[in-house]
Amino acid sequence: MAETPILEVEDLARYFDVSRPWLQRVLAGEGKRTLRAVDGISFAIPRGTTLSLVGESGCGKSTVARLVVGLYPPSKGRVVFEGMDLERARAIAEQRRRMQMIFQDPYASLNPRWRVKDIVAEPIRAFGMTPGAAAQQAKVAELLTQVGLSPLDGEKFPHEFSGGQRQRISIARALSSNPDFLVCDEPTSALDVSVQAQILNLMKDLQARLGLTYLFISHNLAVVRQVSDRIGVMYLGRLVELAPAETLFTTPRHPYTRALMEAIPDLEMTGRQRIPVGGEVPSPISPPSGCPFHPRCPLVNDRCKAERPALIPARAMKQGLTACHAVEEGRDGGVPAAQRIGTTATAL
Amino acid sequence: MAAVARMLDSDLFWSFRRSPVTVISAVVALICILGAVLAPLLAPHDPFDVATLNLIDAFKPPAWAAEGDAAYPLGSDDQGRDVLSAIMYGARVSLLVGFCAVLFSMVVGVSVGLLAGYAGGVVDGVLMRVADIQLTFPSILIALLVDGIARAALPSEVHERVALFVVIFAIGISAWPQFARTVRGSTLVERNKEYVLAARVIGISQLRIMLTHVLPNVLGPVLVIATLGLSNAIISEATLSYLGAGVPQTQPSLGTLIRIGNDFLFSGEWWIAIFPGIALIAMVLSVNLLGDWLRDALNPRLR
């Protein structure tokens with residue numbers, strides 16, 4: 001890849017102060033408490049591709065999305081957009097125009113008091129892109145058509161639409177500033193399964209047509225597999241594995257990723273014994289020492305408890321990065337042989 | 001036309017029609033407001049025109065009493081002024097002060113609440129503590145304090161001229177924390193909604209987000225508080241005027257009329273105090289009932 005990636009994230013971290021009020025803290029004799037929502041992650045997204053971040057609730061994936069568009073300032077590390085530090089890029093309207101965000105909740109992401117045409121036109125007006133009311137109207141009509149709505153829908157209010165239609169309006173708004181980079185924070189998780197597919201297809205179409213780059217946040221592995229070029233698996237604010245989509249699904253390396261794959265419901269695997277992951281996700285307020293996954297990991301040893309693993313190329317693989325001592329040392333039993341296909345016969 | 005048709009078709013109008021109490025209060029409130037606003041056209045006499053006053057007409061009982069005079073439907077006072085006309089002109093002052101005071105406290109309260117809720121942190125802490133401190137004092141006490149300071153600080157002829165504004169300010173300033181608290185609460189909810197985040201991603205300025213995105217979405221409850229606040233403001237004004245601290249004698253409000261009538265209550269001329277009192281009660285009660293209805297009608301949980 002000779003081209004510079006559109007977005008680079010280096011050692012990004014975001015801590016939140018979740019201490020109790022000062023007086024209560026003094027009375028109880030406790031110190032400040034910080035929640036490490038995102039704790040040192042790095043990745044890059046090449047132009048025109050989709051990187052997905054997956055993980056359980058509370059693993060920090062939405063925080064990454066908000067850091068990347070500048071809604072939160074990072075506590076540590078940096079975000080580089082088009083070779084420019086994010087804070088500097090955000091100060092320039094022309095650069096800001098090129099990044100947009102699609103949100104999770106289609107019922108909260110549109111101002112209920114605004115007409116759809118005004119919602120969609122907001123970025124156009126903010127960046128002064130299309131002067132003249134008639135030209136603006138034409139642009140809004142074009143955008144609504146592009147996302148599969150009628151230009152007449154512009155006169156309506158958001159409450160007159162279904163969740164899927166609202167998400168289309170959200171996409172139209174995001175596209176109205178002709179962005180190159182879209183951050184999608186769980187854009188389908190509030191929708192019905194059938195509508196999810198429609199929205200995902202729309203997003204893929206738009207990517208092919210407009211050459212968009214996506215950072216896609218989701219907790220749904222099936223959705224992620226459909227849209228991603230590469231997938232990052234997050235656990236407790238850290239990236240534990242980053243690999244091309246198919247590689248991740250056929251040969252997951254990190255014990256946590258494997259556990260996630262095990263948990264995917266699958267018709268062919270009906271009745272097969274699953275190995276559940278014991279325990280709960282630890283609190284990001286007091287994360288475990290060393291590898292964050294060590295209290296639940298079947299391959300744990302003393303090194304895992306003491307030393308935080310770095311995200312390095314996985315052993316015996318052409319592609320993919322893994323943050324796991326066991327994989328590095330070869331304690332994980334090597335590359336799993338396409339486990340999901342091989343086990344079907346024995347299960348039945 | 002389309003707007004009217006849409007209004008008649010709305011849920012709000014439907015719930016309005018279904019409640020007879022509300023319809024009656026609306027009619028009473030409308031009569032009060034029309035009577036006050038159109039007093040110069042409708043009132044049988046001009047109580048401020050000294051040339052038409054005649055002491056012979058003083059202390060006439062209401063028209064239906066034995067010595068009543070049809071020209072004075074609700075009787076006349078010690079100066080020979082028509083009580084009905086005085087009430088209509090008095091209601092004008094009461095309503096004017098009430099509306100302006102509510103408007104003033106609404107502007108102050110909504111601004112403060114919006115700023116506190118949206119900015120958060122230290123700004124929020126300071127503004128809301130000020131509101132809390134003010135809420136510990138009864139509002140009539142604050143109004144009396146402001147009025148007293150104005151009286152002491154301003155020369156009497158200046159005070160006479162600005163007295164109406166002093167009363168509006170005094171009542172308005174005593175009611176803003178209500179608005180501020182409500183708006184702050186709604187703002188705290190709205191500012192983290194995703195449509196606000198979307199505007200921030202675009203890079204809309206914070207002030208613009210506050211005014212164009214957050215403000216329209218926090219105004220619902222404000223309308224209810226404003227309606228209920230109007231009746232409170234009218235009562236406060238009447239209380240101040242009754243205590244002699246309110247509007248100047250040259251512009252008597254309902255409170256002033258009640259105070260004047262109070263002097264004759266025990267000498268048998270009851271109508272001078274009772275009718276302005278009934279007018280005040282009718283006005284305040286109808287506005288209050290309208291406010292109650294509005295609160296319930298706009299509450300999605302009670303639908």
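The values are calculated or read from the model by the stated rules, or taken from the named source; none is laboratory data. Just so you know, these numbers come straight off a predicted model, no measurement behind them. FYI the Cβ positions are ideal-geometry reconstructions off the backbone, even for glycines, and counts take in every protein chain you see.
Checking A:Leu191, A:Leu152, A:Leu143 one by one, the residue that is over 24 Å from the mean Cα position of the chain (by Cα), away from chain B (no Cβ under 11 Å) and either in a strand (DSSP E or B) or touching a residue at least 12 places away in the same chain (Cβ under 8 Å) (or both) is A:Leu143 and no other.
Pairing residues of the stretch B:230-247 that are without any contact (Cβ under 8 Å) to a residue 60 or more places away in the chain with residues that are among the basic types (Lys, Arg) and in a helix (DSSP H, G or I), at Cβ distances under 6 Å and at least 6 apart in sequence or on separate chains, gives B:Tyr242/B:Arg259. Taking the listed residues A:Arg253, A:Arg258, A:Arg230, A:Arg225, the one that is on the phi < 0 side of the Ramachandran plot and buried (at least 24 other Cβ atoms within 10 Å of the Cβ) is A:Arg253, with no other qualifying. Restricting the first residue to the stretch A:114-127 and requiring it to be over 14 Å from A:Arg166 (Cβ atoms) and facing another protein chain (nearest Cβ under 8 Å), which pairs with a second residue that is assigned to a helix (DSSP H, G or I) and among the β-branched types (Val, Ile, Thr) meet a Cβ separation below 7 Å and a spacing of at least six or different chains? Correct list of pairs: A:Glu122/B:Ile202; A:Pro123/B:Ile202; A:Ala126/B:Ile202. Taking the criterion of being touching a Ser or Thr at 6+ places or on another chain (Cβ under 7 Å), closer than 11 Å to A:His219 by Cα and among the polar types (S, T, N, Q), the only residue of the stretch A:50-66 that qualifies is A:Ser52. Taking the criterion of being more than 24 Å from the chain's Cα centre (by Cα), modelled with pLDDT of 80 or more and basic (Lys, Arg), the residues of the stretch A:294-338 that qualify are A:Arg303, A:Lys305, A:Arg331.
For first residues located in the stretch A:239-250 and over 17 Å from A:Ser42 (Cβ atoms), partners that are among the charged types (D, E, K, R) and in a helix (DSSP H, G or I) and lie 6+ apart or on another chain with Cβ distances below 9 Å form the pairs A:Ala245/A:Arg225; A:Glu246/A:Arg225; A:Leu248/A:Arg225; A:Phe249/A:Arg225; A:Phe249/A:Arg340; A:Thr250/A:Arg340. As for the stretch A:95-103, it holds at least one residue that is under 26 Å from B:Asn217 (Cα atoms), part of a loop (DSSP other than H, G, I, E, B) and within 7 Å of chain B (Cβ to nearest Cβ). Looking only at the stretch A:47-82, which residues are outside any loop (DSSP other than H, G, I, E, B) and within 14 Å of another protein chain (Cβ to nearest Cβ)? Within the stretch A:47-82, A:Ser62, A:Thr63, A:Ala65, A:Arg66, A:Leu67, A:Val68, A:Val79, A:Phe81 qualify.
When the stretch B:198-249 is filtered for residues that are more than 20 Å from B:Ser111 (Cα to Cα) and within 14 Å of chain A (Cβ to nearest Cβ), the ones remaining, listed by number, are B:Ala198, B:Ala199, B:Arg200, B:Val201, B:Ile202, B:Gly203.
A:Leu110: aliphatic (A, V, I, L, M) and either within 11 Å of chain B (Cβ to nearest Cβ) or in a loop (DSSP other than H, G, I, E, B) (or both), yes or no? Answer is yes for this residue. Within the stretch A:17-46, the set of residues being over 17 Å from A:Ser283 (Cα atoms), part of a strand (DSSP E or B) and in contact with a Gly (Cβ under 9 Å, 6 or more places away or on another chain) comprises A:Ile41, A:Ser42, A:Phe43. Taking the stretch B:106-197 and the helices (runs of 4 or more DSSP H) fully enclosed by it, the elements with 3 or more residues that are without any contact (Cβ under 8 Å) to a residue 12 or more places away in the chain and over 19 Å from B:Ser253 (Cβ atoms) are at B:121-135, B:139-153, B:156-173. Within the stretch B:248-261, can you find the residues that are without any contact (Cβ under 8 Å) to a residue 24 or more places away in the chain and either under 19 Å from B:Ile173 (Cα atoms) or assigned to a helix (DSSP H, G or I) (or both)? Correct list: B:Ile258, B:Arg259. B:Val93: of a type in the set (Val, Ile, Thr), within 29 Å of B:Leu164 (Cα to Cα), in contact with a helix residue (DSSP H, G or I) (Cβ under 7 Å, 6 or more places away or on another chain) and surrounded by 19 or more Cβ atoms within 10 Å (Cβ to Cβ), yes or no? So B:Val93 does not fit the description; no.
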